[in-house]
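Right, one structure below, let's go through it.
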Amino acid sequence: MTSADVQYRDARFPADFVWGAATAAYQIEGAAQDDGRGESIWDRFSHTPGKTINGDTGDVACDHYHRWRDDIRLMRDLNLNAYRLSISWPRVLPDGRGRINEAGLAFYDRLIDGLLEATITPWVTLYHWDLPQVLEDQGGWPNRKTADAFVEYADVVSRRLGDRVRNWITLNEPWCSGFLGYHSGEHAPGRKNPRDALQAMHVLLIAHGLAVPVLRRNSPQARVGITLNLTPAYPATDSVADRDAAHRYDGFFNRWFLDPLYGRGYPRDLISLYGPDLAPATDPSDFDVIATPTDFLGINYYSPAFVRDDPASAPLRVGIAPVPGAELTDMGWAIYPRGLYDLLLRVCRDYPTTALYITENGAAYDDAPSQDGRIEDPRRTRFYARHLAAAKAAIEDGAPLRGFFAWSLMDNFEWAFGYTKRFGIVYVDYATQERTIKESGRWYSRVAAGNRLLE
Ligand code: FCB
């Protein structure tokens, strides 16, 4: 055991623990032109030369739109009791709002029924990054009207599925939508304006807050939450400068979302760092909307940040240092299970959360089928074993963690990395669309069935 690991005492997970796997619509569905689906910002972005590796797009992806019955069978073989999927907004509302595409909605209707028949509980994310392109053309997420369009979309979907879906996630990782989409430009829509990015994140949070009561109304028995990609920030050294830098990074990445969601408004230290040129335009009433109480918090955890002071990088003045001694996945992300433990305990200590779910955790490795067709991916199994151990230790120490979703059910379109990064516990041969459960998937299925870690 290295210091990156955390020891648990008892291998058993609490009764009723949720064992799931996650996907997102644009990453797996394909069928980009089928049955009246509209264009999303990811269609436009991935079809723009130079934006994704190899020019890959989600046009076909895993063809889940046509193969969903087989994919539910896979979930059963994996002993999953839950599945986190996302809905494609432009499949349901091709024009962003207004006209409903019945065929698109009917697809999700069948999918939800299929999951329930297989006794797999659906966890539905409304927004996993595929904004209808027409809404981007009208200003995208920095435009306050996009929040109103989101509420309309949430209403349409929950009216149709709300009698059966009991777990709703409004947004996936608004930091990524805002920062990668509107500041760094690595993700759709590929804009590069820091002020727009902060404004986009603000409107995303308003959209979340406005949608919560709509989901509750249409789906009275459901629980509603949001998923954040939280990143524990550690100072690279013990110096005061590095400790302050880690605090700023924590503000930028974590407190910026957690504080307003839990009723504290934006962190003052960040507002003053951003200054009037960058800080979002807000109305005092926005903060009541954003702080609308939720039932759970979803956390996506992959890697920590070791942070050093970097006076040259305005306005945050943070630099990223290597994680001491850590192995890296194919994404170049450091493996640090202790980060998950620290994060879970910190969130429940600093914020009044009553239920936490790890809505994503996983690793990219490119293990290919061996001669006999098996996919031996011991590094992924070890990744999950170490993170589940840390999660279990956090439960023992008081974190209200109620479930875990592996990212991902199957290899898929990894955004700007196209098909070059394989996160699945199921292997996908993109030429034939054949699926094969990886050894890590077999391991995970035994953990899920036994509700306990394997020694
Ligand atoms: C997360 C995304 C998910 C996937 C993983 C690797 O940020 O939510 O869609 O790309 O990273």
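The values are calculated or read from the model by the stated rules, or taken from the named source; none is laboratory data. None of these values were measured; they are calculated from a predicted model. Counting neighbours? That spans all protein chains shown, and the Cβs are built from the backbone with ideal geometry, glycine included. SASA here: full protein model, heavy atoms, side chains in, ligands and nucleic acids out. Shrake-Rupley method; radii C 1.70, N 1.55, O 1.52, S 1.80 Å.
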Can you tell me the dipole magnitude for region 286-342 around its Cα centre, using point charges on the Cβ only (Lys, Arg +1; Asp, Glu -1), in Debye to the nearest 20?
260
Take the alpha-carbon centre of region 1-77, take the same for region 209-269, and report the distance between them in whole Å.
24
Based on DSSP, what percent of beta bridges with both residues in the chain are antiparallel, to the nearest 5?
25
In nm, to one decimal, how far is the modelled label at Ser370 from the one at Ala15, with both set 7 Å along Cα→Cβ?
4.0
Residues whose placed amide H lies under 5 Å from that of Ser40, excluding near-sequence neighbours
Gln133
To the nearest 20 debye, region 234-316 has a Cα-centred charge dipole, built from +1 on Lys and Arg Cβ and -1 on Asp and Glu Cβ, of 120
Extension gain from Asp283 to Arg99, taking 0.36 nm per residue of separation minus the Cα-Cα distance
63.2 nm
Please compute the length gained on full extension between Arg446 and Asp269, using 0.36 nm multiplied by the number of residues separating them and subtracting their Cα-Cα distance.
59.1 nm
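Membrane-span-like helices in the chain: DSSP H runs reaching 30 Å or more (Cα, own axis), mean Kyte hydropathy at least -0.5? Working shown, then result.
Values: long enough: 194-218 (36 Å, 0.45).
Span-like helices, by this rule, are 194-218.
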Need the C-alpha centroid separation for region 328-359 versus region 170-198, integer Å.
22
Listed by chain and number, the residues whose amide H is under 5 Å from that of Arg308, excluding neighbours fewer than 5 places away on the same chain and using placed H, are Ala236, Gly319, Ile320, Ala321
What does the net charge come to around His47 if you take all other residues with beta carbon closer than 10 Å to its beta carbon, with K and R at +1 and D and E at -1?
-1
Would you kindly give the portion of the calculated P(r) for region 74-187 that falls above 17 Å, as a percent of all Cα pairs?
57
Using label points projected 7 Å from each Cα along Cα→Cβ, tell me how many nm separate Gln33 and Asp113, to one decimal.
2.9
For the chain, the per residue accessible area (1.4 Å probe, Å²) is 37
For Pro315, what is the net charge nearby, where nearby means another residue's Cβ is under 15 Å from its Cβ and Lys, Arg count +1, Asp, Glu -1?
-1
Point-to-point label distance, Ala241-Ser184, nm (Cα→Cβ direction, 7 Å offset):
2.5
Please say if region 220-319 is rounded, prolate or oblate, where rounded means a/c under 1.5 for a ≥ b ≥ c the square roots of the C-alpha gyration tensor eigenvalues, and otherwise the choice is prolate for a/b larger than b/c and oblate otherwise?
oblate
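Round to a whole number: what % of the accessible area of the chain belongs to carbon and sulfur, probe 1.4 Å? Before the final figure, lay out each step's value.
Working: 8310 of 16840 Å².
Carbon and sulfur: 49 percent of the exposed surface of the chain.
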Cα gyration tensor of region 297-377, axes a ≥ b ≥ c as square roots of the eigenvalues: rounded (a/c below 1.5), prolate (a/b > b/c) or oblate?
oblate
Rounded to a whole number of µm²/s, how large is the Stokes-Einstein D of region 20-112 at 20 °C and 1.002 mPa s, given Rh as the Kirkwood radius over C-alpha pairs?
153
Where a ≥ b ≥ c are the square roots of the eigenvalues of the C-alpha gyration tensor, would you call region 372-430 rounded, which needs a/c under 1.5, or, failing that, prolate if a/b is larger than b/c, or oblate?
prolate
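Among 360-369, 273-282, 437-446, what's the highest-first ranking by average C-beta atoms within 10 angstrom per residue?
On the way: 360-369: 19.1, 273-282: 14.2, 437-446: 21.1.
Per-residue mean Cβ counts within 10 Å order the peptides as 437-446, 360-369, 273-282.
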Full extension between Gln221 and Tyr430 adds, at 0.36 nm per residue less the Cα distance, a length in nm of 71.4 nm
Debye sum, Cα scatterers, region 236-275, no solvent: what log₁₀ I/I(0) at q = 0.14, 0.22, 0.24, 0.35 1/Å?
-0.32, -0.68, -0.76, -1.09
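Looking at the chain, I'd like the Rg to Rh ratio, where Rg is from alpha-carbon atoms and Rh is Kirkwood's inverse mean 1/r. Provide the component values of the computation, followed by the final result.
Details: Rg = 20.7 Å, Rh = 22.1 Å.
Rounded to two decimals, Rg over Rh is 0.94.
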Give, as a single signed number, the net charge of other residues whose beta carbon lies under 13 Å from the beta carbon of Glu360, with Lys and Arg counted +1 and Asp and Glu -1.
-1
Of Ala222, Ile206, Leu171, which is farthest on the positive side of the dipole of the chain, counting Cα position, with +1 on Lys and Arg Cβ, -1 on Asp and Glu Cβ, and the Cα centre as origin?
Ala222
³J(HN,Hα) computed for each position of region 96-101 - Karplus, 6.51 cos²θ - 1.76 cosθ + 1.60, integer Hz, glycine/proline x:
x, 8, x, 4, 8, 8
